[in-house]
1. Put +1 on the Cβ of every Lys and Arg and -1 on every Asp and Glu Cβ in segment 1-137; which of LEU127, ALA13, SER24 then has its Cα farthest towards the positive end of the dipole?
2. Report, in debye and to the nearest 20, how large the dipole of segment 124-233 comes out about its Cα centre when Lys and Arg carry +1 and Asp and Glu carry -1 on their Cβ.
3. Could you give the dipole magnitude of segment 5-162 about its Cα centre, charging the beta-carbon of Lys and Arg +1 and that of Asp and Glu -1, in debye to the nearest 20?
4. Reachable aspartates and glutamates from LYS81, Cα under 15 Å, same-chain residues fewer than 8 places away excluded?
5. How would you order 299-306, 160-167 from highest to lowest mean count of nearby Cβ atoms within 10 Å?
6. Provide LYS81, LYS20 in ascending order of the number of other Cβ atoms located within 10 Å of each residue's Cβ, fewest first.
7. I'd like the FRET efficiency for LEU158 and THR216, computed as 1/(1 + (r/R0)^6) with the beta carbon distance as r and R0 of 51 Å, rounded to 0.05.
8. Once Lys and Arg get +1 and Asp and Glu get -1 on their Cβ, which of VAL85, GLY107, TYR65 lies farthest toward the positive end of the dipole of segment 44-119?
Amino acid sequence: MFALLYVPQLAQALAIAFWKRTRSRLDHQIPDELPMTAGEWLAARLAQLGHPFGAIVSDQRRNAYLPDDRLIQLSDEVHFKADPVYWATAAHELGHARLRARLPIIGTLRTAASWASFAGVAAGVGLTFGRVLYALPRAGELAFGCFAIAASVRIFVLLDEALASILAYRELRASDAIDFVHLRAIRRALAAAFATYLVTFVAYALLLRCWPLIDTLAGAHGAPARGLTRLGWTVAALVSLVCVGKIIVQLMRMFAPREVAGELPLRWWWIVLGGAVRGSPILVLLWLTWDHRADVAYAWCATLAFCASGRVWLRLVHLPFLIPHSVLAVFVQKLEGPGLDRTSRYLRARQQGADLVRAGNQRLERIAVRKHVHPPWMDRLTALAMLGYVPLLVAFWLA
């Protein structure tokens, strides 16, 4: 099951490597001969369209549209290149911005789909643990439903990416500076970028097709019952106290984020305590799931706790894949090609735009500080959802 859950990550890594290789080959084949760099073209288009969007450049190697700040972020590699492939990246992010302005429902659906996919995978992992450890057939059915939802809602992500690429292509096709050779390169670059999202959707679909085999291998018997030793009870009590501290911190982050953000980073022991509290659910589950009981209510409480920390458990079970992943990373790097074509024009533009990069980094730092002090409500609700192990804690001590 967890090997199959690794397939979407593997497929996306290969697709990203193929996209980088495609972009690199086109970059080296086509000279930097366009009249403006991608960043200059974006600034000119924003001025012509009159949309209330801004644009920055940073050295964080990320290209994205930040809807909360109405800001298009370009990496320095894209911003200072006068190449049609990098114009396509800037136009794609502009397409996202224009979609949010014309059809806000698209952005809302994508945000909801991202959260639903995140929650669906986490819940599916937790329910799978419940299916295997406690032999709960209903948990297996619910796990399949969660994975199906996580896969299906990604259609809205594909829709958003496809529409942004279509707008980008139409935008560049209307430019006098773009000829037939440039358009062909732009089509290939946009198609390769879209494939990085498409392969993840296909990988999840393949996972769902293999589910009957997974359900058969899980069997109909749970893990053998065991009891905690005196040392186990002592550790469970100490960890439970730490979990109470986590509850307090999470509730403070939800209802008083400014106070938490203003106080915690100032004291080193708060940072150490925060790291301990974040890892406490795993410790609780490690100890408490050894005490397998036949009580169905307890089994479901344990399953709910697994769901609350499903993403962390998924990282743990993926540890055996670190070695093949490292080997794959070397192979993937070779697939990526020679990388950026650092022409003299690019280096000159990069040197002249050093102040722009510095200003963009400072802008992103201010955004990060603001979100740290005033986190979005979705982040606050996520912090509250991470308290899902509380029913297990109550059931454990009542039992």
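1. Working it through, the farthest residue towards the positive pole turns out to be LEU127.
2. For segment 124-233, the charge dipole is close to 380 debye.
3. About 540 debye.
4. ASP27, ASP32, GLU33, GLU40, ASP59, ASP341
5. 299-306, 160-167
6. Least crowded to most crowded, the residues run LYS20, LYS81.
7. Efficiency, from the Cβ-Cβ distance: 0.95.
8. Value: GLY107.
Taken together, the values in this text are just the output of simple stated rules run on the coordinates, not laboratory data. Nothing here was measured: the structure is a model prediction, and the numbers come from that model. So basically every Cβ, Gly included, is an ideal-geometry build from the backbone, and we count neighbours across all protein chains shown.
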